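Peer 1: I am attaching a structure below and will ask some questions about it afterwards.
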Amino acid sequence: MSSNELLDKSVTKNDLMPGSTAPGSGVWLLNFPAYGMVGGTSELPPFWTLARDWELYKTIYRCGAWASAIYKAVSKKAAQSWDVEGDVPLRVKRARDMLLAFDAGRGWVPGISKVLQSWLTVGNGVHLEIIRQSGASGSKILGLAHLDSFRCTRTGDPAYPLIYRDRWGREHLMKDYQVISMSDMPDQADMWFGVGHCAAERAWEPILKMEALENHVKEKITGRRVTQLHFVGGVRQEQADQAIQSAKLQADAQGLSNYMSAAMAFSIDPTAEVRVASVDLVGLPSGSDFDKERLRADLLFANAIGIDPQIINPDLMASRAMGTGAQSRVLSEKAEVIGIAAWDKVFAHSVNENALDTSTTFTWSERDLQDEKLRAD
């Protein structure tokens, strides 16, 4: 089935311009959250609010190291192999085709990438639409589509668990057989209807710290500014200001857009004692160990996501007590039962229970030569 045919059966078809088969240009502005994409708060809004999720989601724009960690985790999972098994070959083929056309025909890898971003950075979690031939509960399932978490509201009603809001602001009440909702570490309080505690929430403090450190370094060593100020003889404040302004004018004349040379201020009294002193205006603060802080942040990011730290930074696990190969194997085996590994179980269970028949099963099937050797032995 083509993507247009799937979209025609999906609740997201209402995101299109009336009478159009493609998203309308600029329509997203009508429903864009008003929290802003630039900057952010230093304190998270109360749990749980949409504003809180928006601040958590914005962390991938605020801290480059955190964004890289999310990218590595998402790309690793999106590239993971999977398979469908069953007793009826035709049903197995249909299930495979449906999953390959994941996200209403957009494709498995881009669709799963969006889903995992929601899982890792949004407390409201993941919401998948089950696209059916008709509105009846027993009608044929045609595909699955990712729903923007910021447009989804949990109701707490088992029969109608979700309200989806399209780009035009229209609300659509989703029935239990039309949607799958998942979240990382759901809060135990029933009043939150399954909202969870995502990796971005767990890594909030180190994200803020790395953002501050990166901004400090950037502002300290980049930009067009005087690099040094040399004092020759006795100099008044206005002379220093004139020296800096002169250096700026000289940089303009030389066409320098980022860097400037040192400024020099000379004494106007030719009889004054000649003294020379230099002040560095650009550089890193003394005693700073940014490499150490970066390694520590990478380790905290790996713990928050729940993946092998070496995936984020191979230098994290350098050890004298254990060989690199043996250490990598032990860490990889431990990572299989913690953190983002739970995503594999949750997703497979949800798809098998809600989107496939009882004789057809979705499984992750990443080939592991070490496991095959152990089974053979």
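Just so you know, all these numbers are worked out from the coordinates, no wet-lab data involved. The structure presented is a predicted model; accordingly, all values stated were derived computationally and were not measured. Please note: Cβ atoms are built from the backbone with ideal geometry, for glycine as well, and neighbour counts cover all protein chains shown.
Peer 1: In nm, give the distance between the simple-model label positions of V346 and R106, each being 7 Å from the Cα along the Cα-to-Cβ direction.
Peer 2: Placing both labels 7 Å along Cα→Cβ, they lie 2.0 nm apart.
Peer 1: For W48, list long-range residues whose amide hydrogen, built 1.01 Å from N in the peptide plane, is under 5 Å from its own amide hydrogen.
Peer 2: Amide H to amide H, under 5 Å and 5 or more residues apart or across chains, W48 pairs with nothing.
Peer 1: Name the residues whose placed amide hydrogens come within less than 5 Å of the amide hydrogen of V179, ignoring near sequence neighbours (fewer than 5 apart) on the same chain.
Peer 2: I130
Peer 1: Which ³J(HN,Hα) values in Hz, rounded to whole numbers, follow from the phi angles of the stretch 119-135 under the Karplus curve 6.51 cos²θ - 1.76 cosθ + 1.60, where θ = phi - 60° and Gly and Pro get x?
Peer 2: Karplus-based 3J(HN,Hα) across the stretch 119-135 equals 4, 8, 10, 10, x, 5, x, 10, 10, 10, 8, 8, 7, 10, 4, 9, x Hz.
Peer 1: Now for a different question. Which far-off residues, 5 or more places away or on another chain, put their amide H under 5 Å from the one on G107, with H placed in the peptide plane?
Peer 2: Counting only residues 5 or more places away or on other chains, the set is F102.
Peer 1: Could you sort 73-80, 43-50 so that the peptide with the highest average Cβ count within 10 Å comes first and the rest follow in order?
Peer 2: Working: 73-80: 16.9, 43-50: 13.9.
Output ranking for 73-80, 43-50: 73-80, 43-50.
Peer 1: What's the extension gain from Q80 to D187 if we count 0.36 nm per residue and subtract their Cα-Cα distance?
Peer 2: Working: separation 107, 0.36 × 107 = 38.52 nm, distance 2.81 nm.
Extra length available between Q80 and D187 comes to 35.7 nm.
Peer 1: Starting from 0.36 nm per residue, how many nanometres of slack lie between E293 and L173 once their C-alpha separation is accounted for?
Peer 2: Working: separation 120, 0.36 × 120 = 43.20 nm, distance 4.70 nm.
Once the chain is fully extended between E293 and L173, it gains 38.5 nm.
Peer 1: Could you check the spin-label model distance between T41 and S365? Points 7 Å from the Cα along Cα→Cβ, value in nm.
Peer 2: Between T41 and S365, the simple spin-label model gives 4.7 nm.
Peer 1: Another question, then. Explain nothing, just compute: Karplus ³J(HN,Hα) = 6.51 cos²θ - 1.76 cosθ + 1.60, θ = phi - 60°, for every residue of the stretch 169-181 in order, whole Hz, x for Gly and Pro.
Peer 2: For the stretch 169-181, the Karplus-derived couplings read x, 7, 9, 10, 7, 9, 7, 4, 8, 10, 8, 10, 10 Hz, x marking Gly and Pro.
Peer 1: Starting at the first residue of the stretch 182-195, write each ³J(HN,Hα) from the Karplus equation 6.51 cos²θ - 1.76 cosθ + 1.60 with θ = phi - 60°, in whole Hz, x for Gly and Pro.
Peer 2: Using θ = phi - 60°, the values come out as 9, 8, 7, 6, x, 5, 6, 6, 5, 5, 9, 6, x, 4 Hz.
Peer 1: For a test of the definition: using alpha carbon positions, the gyration tensor, and the 1.5 limit on a/c, classify the stretch 52-200 as rounded, prolate or oblate. Spell out each step's value before the answer.
Peer 2: Working: a/c = 1.92, a/b = 1.20, b/c = 1.61.
Oblate is the answer for the stretch 52-200, as a/c is 1.5 or above yet b/c matches or exceeds a/b.
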